[in-house]
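Let me begin by presenting the structure, written as structure tokens, before commenting on it.
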Amino acid sequence: DSIEKKILELNRLQDIQQRSHWMNNLHPLGKLLISVIYIFLVTSIDKYDIVTLILMSVYVIFTFIIGELSVKEGIYRMRLILPLVLFVGIFNPFFDKSSVMVAGFAVRGGIVSMLTLVIKGLYTVFAVYALIATTSIDDICYALRSIRVPKIIVIVIMLIYRYIDVMAGEADRIYTAYRLRAPGQKGIEYRSWGTLVGQWLLRSMDKAQIVYESMLLRG
């Protein structure tokens, strides 16, 4: 069920990327450069300058509003990254014993820097989500080539993205076949893990060979 949900999530993201919206039709190079510059500016703000950091939220809010993007869906899709952001922010106060003035009050520097780290992480994650939700992988790779990112890196990025869907589909078929042969069993028995992963690898390699031959036939 989890594999099927991941495939549906990927398809849902692709639907958002391909929707008919003026923000999706903007030139990908412009969106990529704006996102990179925004992330650079956010991460460059002093760790005690929380006021300036709060003002930087205008870009994220503006992007989500005009792009008609769901904040709830953005949080859900980035749920694996957000706990890391929170962990780094919460872990920081143990090392920062200084005091800073915020709105006329003396506050422990560790608390302020914790908030700024968490906010920076959230802004960065949402900026990246706004980019990938309004720009397809093909357009992102086109933008990367426009700024002279090496071709081999761009090809690897594109193939990894393509094969996520292919390998997920293979894993789903293998798991479905296993469940049909063991209907009353929860999950996969640990003794079968190696065999199933081996089959997954071999079937994925066969699929890769077919795709490679197709690419050769197309020149």
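The values are calculated or read from the model by the stated rules, or taken from the named source; none is laboratory data. Bear in mind the structure is a predicted one, so any value in this text is a computation, not a measurement. Neighbour counts run over all protein chains shown; Cβ positions are idealised from the backbone, glycine included. The accessibility values were calculated without ligands, DNA or RNA, using every heavy atom of the protein model including side chains. Shrake-Rupley method; radii C 1.70, N 1.55, O 1.52, S 1.80 Å.
Listing for the model above:
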| read-out | value |
| --- | --- |
| Cα-Cα pairs of segment 4-81 separated by more than 16 Å (percent) | 65 percent |
| Largest-first principal axis extents of the Cα set of segment 127-176 (Å) | 43, 26, 13 |
| Euclidean distance between Cα centres, segment 119-161 to segment 3-72, Å | 12 Å |
| J(HN,Hα) series, segment 159-173, from Karplus relation 6.51 cos²θ - 1.76 cosθ + 1.60, nearest Hz, glycine and proline x | 5, 4, 4, 5, 7, 4, 5, 5, 5, 5, x, 5, 4, 5, 5 |
| Nearest-10 value in Å² for the accessible area of residue 73, using the 1.4 Å probe | 40 Å² |
| The chain: relative contact order as a whole-number percent, Cα under 8 Å and 6+ apart | 26 percent |
| Set of lysines with alpha-carbon distance to residue 47 below 26 Å, sequence-local pairs under 8 removed | 97, 120 |
| Probe 1.4 Å, protein heavy atoms only - accessible area per residue of segment 131-175 in square angstrom | 54 Å² |
| Range of Cα positions in segment 104-219 per principal axis (Å), largest first | 68, 48, 22 |
| Hits among aspartates and glutamates - C-alpha to C-alpha of residue 6 under 12 Å, sequence gap 8 or more where chains match | 165, 172 |
| Whole-number percent relative contact order across segment 137-219, with pairs defined as alpha carbons under 8 Å at least 6 apart | 26 percent |
| Linear extension gain, residue 87 paired with residue 33, 0.36 nm per residue minus alpha-carbon span | 16.6 nm |
| Around residue 195: net Lys/Arg minus Asp/Glu count, Cβ-Cβ under 14 Å | +2 |
| Quarter of the Cα convex hull surface for the chain, i.e. its orientation-mean projected area (nm²) | 17.1 nm² |
| Apportionment of accessible area to carbon and sulfur, the chain, percent (1.4 Å) | 70 percent |
| Sum of side-chain charges, residue 85 neighbourhood, beta-carbon under 13 Å (Lys, Arg +1; Asp, Glu -1) | +2 |
